[in-house]
Amino acid sequence: MSTENTTTATTPALRALESDDSSVRLQAALALGTTPDPGFVGTLIERCAVEPEFYVREMLTWALTRHAAGATVPALLDEVRSERAQARSQALHTLSKIGDRRAWPAITPALLSDPDEEVARTAWRAAVVLVPEGAEHELAVVLATQLGRGDRETQLSLSRALIALGEVMLPALGAATTDPDPLVRAHAIATEGLWRDPDAGFEFAIEEAKRVVALGGADKEGR
């Protein structure tokens with residue numbers, strides 16, 4: 001089938017991305033990924049920014065990964081700078097799935113400390129995938145500035161990102177265990193605990209870390 005005929009055949013799928021029925025949108029994304037065409041990329045990315053259903057967004061990301069990186073990566077890099085949090089988050093997620101390290105310069109300290117929790121978590125995961133060899137220590141230092149941030153889910157995401165960098169993250173983590181902020185210290189200690197014993201679980205690690213921090217404070221007061 002020619003490119004023109006393929007595009008014509010999948011035009012209904014492009015329109016179906018706007019359907020009120022999430023199952024129809026899912027099937028449309030599947031169809032567009034099954035028959036990739038550079039002409040679909042813009043619409044797929046635009047839909048990622050507004051799609052409310054997680055499983056449909058995952059299919060949209062899959063459809064984008066089926067297209068050539070030369071067509072998707074530049075457009076996704078533009079989307080990373082969007083004012084819409086979901087657009088930034090989904091673009092980062094898709095870039096991490098594509099795995100093209102040409103996207104690394106877009107993973108800025110501003111994105112890694114994005115005020116939106118979901119964007120920040122996605123940026124951490126993408127950074128670990130895209131970081132070039134030799135830049136892991138620098139990334140660990142930036143990630144360590146986010147220790148103590150957010151709820152348990154956010155903190156666990158950051159711990160996993162740091163641990164995924166391997167031993168290179170230990171100096172930055174070690175420095176954070178003496179941070180004046182007890183939340184930062186506890187998170188750093190918990191991450192060290194997970195590094196040593198991945199089977200312990202984050203909940204146990206963070207509670208144990210809080211106990212250590214509290215005892216350290218009590219020791220200081222008793223002096």
Can you tell me the length gained on complete extension of the stretch residue 108 to residue 212, counting 0.36 nm per residue apart and subtracting the Cα distance?
34.1 nm
Any chance you could list the semi-axes, whole Å, largest first, of the equivalent ellipsoid that the Cα gyration tensor gives for the stretch 146-223, using √(5λ)?
20, 13, 12
Between residue 53 and residue 183, how high is the FRET efficiency from 1/(1 + (r/R0)^6) when r is the Cβ-Cβ distance and R₀ = 30 Å? Nearest 0.05.
0.35
In Å and on Cα atoms, what radius of gyration and Dmax does the stretch 18-120 show?
13.0, 38
The stretch 86-189: spread of alpha-carbon positions along the three principal axes, whole Å, largest first, is 37, 29, 18
In nanometres, the difference between 0.36 nm per residue of separation and the alpha-carbon distance of residue 27 and residue 15 is 3.2 nm
Going fewest to most other Cβ atoms within 10 Å around each Cβ, 183, 44 line up as 183, 44
One would report the Cα pair-distance distribution of the chain, bin width 10 Å, in %, as 8, 29, 27, 19, 11, 4, 1, 0, 0
Using the basic label-point model (7 angstrom from Cα toward the beta carbon), what is the residue 116 to residue 197 distance in nanometres?
3.8
Hey, got the dipole for the stretch 146-223? About the Cα centre, +1 on K and R Cβ, -1 on D and E Cβ, debye to the nearest 20?
180
C-alpha long axis of helix 3-16 to longest principal axis of the chain, angle in °
60
Highest GNM mean-square fluctuation among 56, 24, 41, for the chain with Cα springs under 10 Å, belongs to 24
Specify the angular offset, from 0 to 90 degrees and rounded to the nearest 10, of the alpha carbon long axis of helix 69-79 from the longest principal axis of the alpha carbons in the chain.
60
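Bear in mind these aren't lab numbers, they're just calculated from the coordinates by the rules spelled out. These figures come from a predicted structure and were not determined experimentally. For neighbour counting, all protein chains shown are included, and Cβ atoms are generated from backbone atoms with ideal geometry for every residue, glycine included.
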